[in-house]
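Engineer: Dropping a structure here in structure tokens format, bear with me for questions.
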Amino acid sequence: SFASAYNTAVTAVQAQTGQNAGALSGNSTVYQLENLLNNIAEYTGSGSGSVNSLTALGLDLDSTGQLSFDSSAFSALNTSDIQAFLGSASTGGFLQMATNAATSATDSSTGIIENNINTLQTQVTNENTLISNQQNMIKNMEANLETQLSAADAAISTLQSEKTYFADLFQAEYPSTGAA
């Protein structure tokens with residue numbers, strides 16, 4: 001079960017890296033999670049028994065980052081050596097290290113994932129503020145251009161009135177004789 005769950009996590013993280021990476025490509029959280037998973041798989045205990053690594057438990061890490069489990073290697077081990085390596089979630093050993101690693105990723109206030117969510121939410125808020133500011137600037141420019149256009153229309157209207165006035169004045173001063 002551990003190997004299967006670990007492999008599922010590794011596959012999900014690996015889907016966000018490389019040439020055909022997912023939406024989180026290049027995000028530092030992906031690399032932090034990748035390092036966290038590597039640290040779990042490569043854990044070496046300081047116990048005094050024959051079990052001091054996952055490999056000794058029958059869990060082998062291949063070149064693609066996937067774990068395989070050899071149940072016969074596991075079955076051949078002394079139970080007390082296994083327990084000494086595993087420890088507990090709070091008193092040392094592999095389980096405490098794995099628990100701490102999982103907590104560092106998933107803690108709802110300080111975890112890697114929560115920090116990334118907060119960072120992304122801040123970026124979205126900042127981008128939305130920038131968009132709003134740009135939209136306000138565009139509205140102000142539009143209002144200024146409409147004011148300028150109205151002033152230009154008024155000036156054109158005045159010029160057309162003056163043109164008509166001067167044309168009528170010129171016509172009155174120099175009436176047409178009918179000659180071409």
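Engineer: When all C-alpha to C-alpha distances in the stretch 67-161 are sorted into bins of 10 Å, what percent of pairs does each bin hold, rounded to whole numbers?
Structural biologist: Using 10 Å bins, I get a P(r) of 13, 16, 15, 12, 10, 9, 8, 7, 5, 3, 1 for the stretch 67-161.
Engineer: Given H placed 1.01 Å from N in the peptide plane, which residues other than close sequence neighbours of Leu59 have an amide H under 5 Å from its amide H?
Structural biologist: Excluding prolines and chain starts, which carry no amide H, the hits are Asp70.
Engineer: Quick one: what Rg and Dmax do you get for the chain from the alpha carbons, in Å?
Structural biologist: Cα radius of gyration and Dmax of the chain are 38.0, 129 Å respectively.
Engineer: Here's something else I'd like to know. Mind listing which chymotrypsin sites (Phe, Trp or Tyr not before Pro) in the stretch 40-92 are in a DSSP loop and have 16 or fewer other Cβ atoms within 10 Å?
Structural biologist: Those satisfying the criteria are Tyr43.
Engineer: What are the ³J(HN,Hα) couplings of the stretch 149-160, residue after residue, when phi is run through the Karplus curve with 6.51, -1.76, 1.60 and θ = phi - 60°? Round to Hz, x for glycine and proline.
Structural biologist: These are the phi-based 3J(HN,Hα) values: 5, 5, 5, 5, 4, 5, 5, 5, 4, 5, 5, 5 Hz.
Engineer: For the stretch 4-33 and the stretch 114-133, what is the separation of their Cα centres, given in Å?
Structural biologist: Cα centroid of the stretch 4-33 versus Cα centroid of the stretch 114-133: 23 Å apart.
Engineer: At 1.4 Å probe size, with every protein chain present, just tell me what the per residue accessible area of the chain comes to in Å².
Structural biologist: Heavy-atom SASA per residue in the chain reads 69 Å².
Engineer: Per-residue HN-Hα couplings for the stretch 68-77, Karplus 6.51 cos²θ - 1.76 cosθ + 1.60 at θ = phi - 60°, whole Hz, x for Gly and Pro?
Structural biologist: Couplings: 10, 10, 9, 5, 5, 5, 5, 5, 7, 7 Hz.
Engineer: Moving on to the next point. For the chain, what is the relative contact order in percent, using Cα pairs closer than 8 Å and at least 6 residues apart in sequence?
Structural biologist: Averaging sequence separation for qualifying contacts and normalising by length gives 12 percent for the chain.
Engineer: Still on this model: Across the stretch 97-106, in residue order, what do the Karplus-derived ³J(HN,Hα) couplings come to in whole Hz, using 6.51 cos²θ - 1.76 cosθ + 1.60 with θ = phi - 60° and x for Gly and Pro?
Structural biologist: Taking θ as phi minus 60°, the curve returns 4, 5, 5, 4, 5, 5, 5, 5, 8, 10 Hz for the stretch 97-106.
Engineer: Using amide H atoms built in the peptide plane, which far-off residues or other-chain residues are under 5 Å from Ser53 H to H?
Structural biologist: Gly45
Engineer: Counting each DSSP H run of 4 or more residues in the chain as -39500 (n - 2.57), what helix-only mean residue ellipticity at 222 nm follows after dividing by all residues, to the nearest 500 deg cm²/dmol?
Structural biologist: Calculated at 222 nm, the ellipticity per residue is -22000 deg cm²/dmol.
Engineer: Here's another thing I want to ask about it. Tell me the carbon and sulfur percent of the accessible area for the chain, rounded to whole percent, probe radius 1.4 Å.
Structural biologist: Summing carbon and sulfur atoms, their accessible area is 55 percent of the total for the chain.
Engineer: Another question, if that's okay. Restricted to Cα positions, what overall size does the stretch 113-180 have along the principal axes? Three whole-Å values, descending.
Structural biologist: Cα extents, longest axis first: 93, 21, 6 Å.
Engineer: Follow-up question, since we're still on this one. How do Tyr6, Tyr165 rank by accessible surface area computed with a 1.4 Å probe, from largest to smallest?
Structural biologist: Final ranking, largest accessible area leading: Tyr165, Tyr6.
Engineer: Gaussian network model of the chain, Cα springs within a sub-10 Å range: biggest mean-square fluctuation belongs to which of Asn133, Asn39, Asn144?
Structural biologist: The residue that fluctuates most here is Asn144.
The values are calculated or read from the model by the stated rules, or taken from the named source; none is laboratory data. This one's a predicted model, so the numbers in the text were calculated from it and none came from an experiment. Note that we place each Cβ from the backbone using ideal geometry, even for glycine, and neighbour counts take in every protein chain shown. Accessible surface areas use protein heavy atoms only, side chains included; no ligands, DNA or RNA. Shrake-Rupley method; radii C 1.70, N 1.55, O 1.52, S 1.80 Å.
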